[in-house]
Amino acid sequence: MALVTAGASGIGKAIVERLLENHFQIHIADISADSIEHFTSSKPGLTGTCADLGSADAAQNVLDDCMMHHGRIDLLVNNVGIAGNTARVENSDPDDWDRTISVSLSSAFYMTRLCSPQIQAQKGSIINIASNAALFGFPMRSAYTAAKWGLIGLTKTWAMEMGPKGVRVNAICPGSVSGPRIDGVIERDAQQRGMSTEAIRDVYARQSSMRVFVEAEDIANTVAFLASDAGRYISGQALAVDGHTEGLSNWLDNE
């Protein structure tokens, strides 16, 4: 049985669909009630809770609903996150910082804190969806980068804490993932920098050796692998699925 946050769209939805293929029962948390209703209505074994996971109380509600429907948790996928704003540190908004950290980092702490007793009882697994920004500095994205680096630290810490209980904890670090979310990031970057969206998209693609955007299904397949017996001794790792990112500092090349 799996609990997936931000599971009704984008990467989260792809993860859920892949896990359903592997015969998981799944509970999702998502901020969009309409997306949850539309998704769960067509998928037997899939339930959901509408929640803004930037708060501890919301995390408790998600856990309560999950246990009511399924009675156990074997796999937790901490996928929820937001991009935050694009600005130099001196121009960054403290409220945006607080919101980005609460949704993209604190949510994983809230959910793991509550779910870990169940996962330890089942000798299960926790997978945090981080970012290749967790492996590099990322100019103009202070809050997002801090949150994703924090996830790597939590991943390694929790792997140490729960490893003796048979629990594996890993992080996946996607590169730029095709879809509406990255399209929105690119559009905001283009407006911020006075560049065309095509130019921004080219910069993002050139950040990886393979010059690619990955697909949500690539992340979903990695989750399925880590959650399976094939990944039974993989823990404490930050696995990049990104076509080999070379760096994220391209923006400063001409400054």
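The values are calculated or read from the model by the stated rules, or taken from the named source; none is laboratory data. Values in this document were obtained by computation on a predicted structure and should not be read as measured data. All Cβ positions, glycine included, derive from the backbone under ideal geometry; neighbour counts span all protein chains shown.
The residues of the stretch 192-220 that are in contact with a Ser or Thr (Cβ under 9 Å, 6 or more places away or on another chain), surrounded by fewer than 16 Cβ atoms within 10 Å (Cβ to Cβ) and polar (S, T, N, Q), listed by number, are Gln192, Ser209.
Of the residues Arg99, Arg88, which single one is in contact (Cβ under 8 Å) with a residue 40 or more places away in the chain, surrounded by fewer than 23 Cβ atoms within 10 Å (Cβ to Cβ) and under 20 Å from Ala51 (Cβ atoms)? Unique residue meeting the criteria: Arg99.
In contact (Cβ under 8 Å) with a residue 24 or more places away in the chain and loosely packed, with under 15 Cβ neighbours inside 10 Å, is that true of Ser228? The answer is yes for Ser228.
Could we say that Gly150 is within 19 Å of Arg18 (Cβ to Cβ) and in contact (Cβ under 8 Å) with a residue 40 or more places away in the chain here? Criteria not met by Gly150. Against the test of being modelled with pLDDT under 95 and either farther than 27 Å from Cys173 by Cβ or surrounded by 20 or more Cβ atoms within 10 Å (Cβ to Cβ) (or both), the options Ser55, Ser41 yield a single qualifying residue, Ser41.
Condition test on Ala134, is it closer than 23 Å to Ala29 by Cα, under 13 Å from the mean Cα position of the chain (by Cα) and touching a residue at least 60 places away in the same chain (Cβ under 8 Å)? Criteria not met by Ala134.
Checked against (1) modelled with pLDDT of 95 or more; (2) of a type in the set (Ser, Thr, Tyr); (3) touching a helix residue (DSSP H, G or I) at 6+ places or on another chain (Cβ under 8 Å), Ser102 meets all criteria but (3). So is His70 more than 17 Å from the chain's Cα centre (by Cα), of a type outside the set (Gly, Ala, Ser), within 21 Å of Lys123 (Cα to Cα) and surrounded by fewer than 20 Cβ atoms within 10 Å (Cβ to Cβ) or not? The answer is yes for His70. Cβ-Cβ distances below 8 Å connect the following pairs, each with a first residue in the stretch 113-129 that is surrounded by 19 or more Cβ atoms within 10 Å (Cβ to Cβ), a second residue that is acidic (Asp, Glu), and a separation of six or more residues or different chains: Ile119/Asp74; Gly124/Asp74; Ser125/Asp74. Remark: pairs (first residue in the stretch 24-52, more than 25 Å from Asn221 (Cβ to Cβ); second residue of a type in the set (S, T, N, Q); Cβ separation under 7 Å; 6+ apart in sequence or on different chains) = Thr49/Asn61; Ala51/Asn61.
The one condition from (1) hydrophobic (A, V, I, L, M, F, W, C); (2) within 27 Å of Asp74 (Cβ to Cβ); (3) at pLDDT 95 or above that Trp149 does not meet is (2). One residue is enough: does the stretch 27-39 have a residue meeting the conditions in a helix (DSSP H, G or I), within 22 Å of Val177 (Cβ to Cβ) and either of a type in the set (A, V, I, L, M) or touching a Leu at 6+ places or on another chain (Cβ under 6 Å) (or both)? Yes, the stretch 27-39 has at least one match. For the stretch 30-60, a residue qualifies if it is within 18 Å of Ile101 (Cα to Cα) and under 19 Å from the mean Cα position of the chain (by Cα), and the qualifying residues are Asp30, Ile31, Ala51, Asp52, Leu53, Gly54, Ser55, Ala56, Ala58, Ala59. On the stretch given as the stretch 1-24, residues that are assigned to a loop (DSSP other than H, G, I, E, B) and crowded, with 18+ Cβ neighbours inside 10 Å total 6.
Helices (runs of 4 or more DSSP H) fully within the stretch 162-243 that include at least 2 residues being modelled with pLDDT of 90 or more: 216-227. Mind counting the residues in the stretch 146-179 that are over 19 Å from Met111 (Cβ atoms) and basic (Lys, Arg)? So the count comes out to 0.
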